[in-house]
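Report on one structure; see the data block that follows.
The values are calculated or read from the model by the stated rules, or taken from the named source; none is laboratory data. Treat the numbers as computed from the prediction; the structure is a model and nothing was measured. Here the Cβ is made from the backbone with ideal geometry for all residues, glycine too, and neighbour counts use every protein chain on show.
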Amino acid sequence: MSAQATDFAGEVKFTPDGDISPVQKVPFIHDQIVTAIYIRAEEVTKNVTTATATQTGWDHKIDSLVTSRIFGYPLMLALLGTVFWLTISGANVPSAMLADFFFTVERQLTALFMLAGAPAWLHGIAVLGTYRGLAWVVSVMLPPMAIFFPLFTILEDLGYLPRVAFNLDHLFKRFGAHGKQALTMSMGFGCNAAGVIAARIIDSPRERMLAILTNSFVPCNGRFPTLIAIAMIFMGAGALGSLAASATVAGLVLVGVAVTLLVSLLLTKTLLRGTPSTFTLELPPYRRPKLTDVIVRSFFDRTLFVLRRAVIVAAPAGALTWLLANIRVGDITVLAHVAGWLDPFGRALGLDGIIILSFILGLPANEIVVPIMVMSYMAAGAMMEAESLTALQSLLVGHGWTWVTALNFMLFSLLHFPCGTTLLTIRKETGSLGWAVFAALMPLAVASLVCLAIAQGARLAGLF
């Protein structure tokens with residue numbers, strides 16, 4: 001068993017074989033108590049037990065690497081990049097196969113509607129809006145999730161995520177947050193709403209609020225497929241395409257962590273002033289993942305759960321978007337009116353009005369932002385048939401997308417307001433509508449400022 005107690009001045013680390021690493025400084029009474037307990041436990045253990053090298057050697061050697069000040073971060077980044085590379089490399093073919101299947105079915109549905117003499121508006125809402133929205137969500141989201149979630153579950157079962165928390169603990173403490181926020185952040189990779197609920201493990205109300213307000217800066221499973229798809233299209237060209245796309249997504253995750261730390265520091269200095277508290281983290285032993293548990297938890301509890309939620313939200317969203325794109329007020333559609341009103345704001349951020357509108361309409365679930373955007377770009381108000389990511393690339397480039405647009409789209413997707421489910425969870429956990437509104441407006445302001453800075457910088461440099 002391993003444990004640690006940290007503070008601003010240093011840390012105490014208890015290794016699996018019972019040895020205690022040198023104490024740099026232990027000023028807090030909590031740390032002094034924990035240190036004394038482990039020292040006494042070590043003394044008693046050495047007097048009554050013996051341990052062979054085979055009993056304690058392998059896990060101690062692994063921990064000495066994955067929690068090392070020198071190797072811990074590089075290994076963490078390498079593992080993260082490997083997971084994204086496997087996800088991106090393996091998602092292309094099944095995604096194209098699913099798209100071919102769904103849009104073959106769509107042609108059959110269209111034939112049935114024509115045979116039945118259904119009105120054009122009914123065919124538009126049911127097939128070109130609702131069905132195509134569902135087809136896009138499933139074909140784009142399912143393959144990455146089916147690869148990413150099992151890999152992430154394996155890391156959980158191995159016991160690696162608590163080691164990530166150990167590595168990140170001192171960073172959170174330096175920026176005024178609680179070390180356990182590293183654990184709630186890890187939960188946010190699966191679902192930001194789950195990360196908000198997980199903040200209950202933090203005893204301090206101030207630090208718990210910090211964890212709740214900043215959890216949306218890590219990409220949830222609803223945003224990963226979007227980030228991966230755009231990275232594959234615009235950063236994945238060339239011989240090293242999958243590696244470049246993987247590095248881009250991994251870099252975005254690091255940006256999310258950095259923004260989490262900076263916002264935590266800002267809130268600590270302003271709205272949520274206070275002194276960070278200390279805690280003790282006991283690292284669990286390494287375990288061999290069970291295949292049945294990995295399949296059940298990753299596919300049934302995560303992949304299908306998220307996909308079901310996305311489908312439930314995407315169906316009405318697709319119908320609504322089709323209506324907005326086909327109901328005309330004057331010479332242009334309602335969607336064009338709203339997008340035009342939002343366009344100056346979007347252009348200032350290196351985006352456009354349709355992208356901003358897609359994020360607004362995608363408030364119920366992040367998974368539907370891209371389908372809404374694609375439908376909105378189509379002149380006929382219907383989504384194109386997604387035979388491959390190449391078709392999506394042609395559509396986006398045809399509407400003025402550049403690498404700056406793609407980068408800012410990914411950053412805005414990473415940093416913008418959380419989904420409706422997460423906001424409702426924040427409202428419930430904090431008991432305050434005001435904090436829920438702040439949790440929506442604060443990330444929106446951060447995303448806007450970051451994109452504004454990049455867009456204006458690119459314009460000044462003549463790159464955009």
Counted residues, region 186-203 - those being under 19 Å from LEU272 (Cα atoms) and assigned to a helix (DSSP H, G or I): 4
Residue that is farthest from ARG163 (Cα to Cα), among those in region 63-79 that are of a type in the set (Ser, Thr, Tyr) and part of a loop (DSSP other than H, G, I, E, B): SER68
Wholly within region 401-464, helices (runs of 4 or more DSSP H) carrying at least 1 residues that are touching a Lys or Arg at 6+ places or on another chain (Cβ under 6 Å), among the aliphatic types (A, V, I, L, M) and within 24 Å of THR226 (Cβ to Cβ): 433-460
Matching option when the condition is more than 21 Å from PHE224 (Cβ to Cβ) and touching a residue at least 24 places away in the same chain (Cβ under 8 Å), among LEU342, LEU283, LEU357, LEU351: LEU283
Members of region 386-420 found to be modelled with pLDDT under 90 and crowded, with 17+ Cβ neighbours inside 10 Å, listed by number: ALA386, LEU389, LEU392, GLN393, LEU395, LEU396, CYS419
Test result for LEU423, surrounded by 14 or more Cβ atoms within 10 Å (Cβ to Cβ) and of a type outside the set (Phe, Trp, Tyr): yes
Region 353-375, residues that are in a loop (DSSP other than H, G, I, E, B) and surrounded by fewer than 24 Cβ atoms within 10 Å (Cβ to Cβ): LEU363, PRO364, ALA365
First in region 447-458 and buried (at least 18 other Cβ atoms within 10 Å of the Cβ), second anywhere and modelled with pLDDT under 95 and among the basic types (Lys, Arg), Cβ under 6 Å, 6 or more apart: none
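Residue-by-condition table, conditions (1) in a helix (DSSP H, G or I); (2) touching a residue at least 12 places away in the same chain (Cβ under 8 Å); (3) surrounded by fewer than 18 Cβ atoms within 10 Å (Cβ to Cβ):
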site: GLN108; (1), (2), (3): yes, no, yes
site: PHE113; (1), (2), (3): yes, yes, yes
site: GLY117; (1), (2), (3): no, no, yes
site: LEU122; (1), (2), (3): yes, no, yes
site: LEU128; (1), (2), (3): yes, yes, no
site: VAL137; (1), (2), (3): yes, yes, no
site: PRO143; (1), (2), (3): yes, yes, no
site: ILE147; (1), (2), (3): yes, yes, no
site: PHE152; (1), (2), (3): yes, yes, no
Selection status of LEU213, assigned to a helix (DSSP H, G or I), more than 30 Å from SER394 (Cα to Cα), among the aliphatic types (A, V, I, L, M) and at pLDDT 85 or above: yes
Residue check for ILE201: without any contact (Cβ under 8 Å) to a residue 24 or more places away in the chain and surrounded by fewer than 23 Cβ atoms within 10 Å (Cβ to Cβ): yes
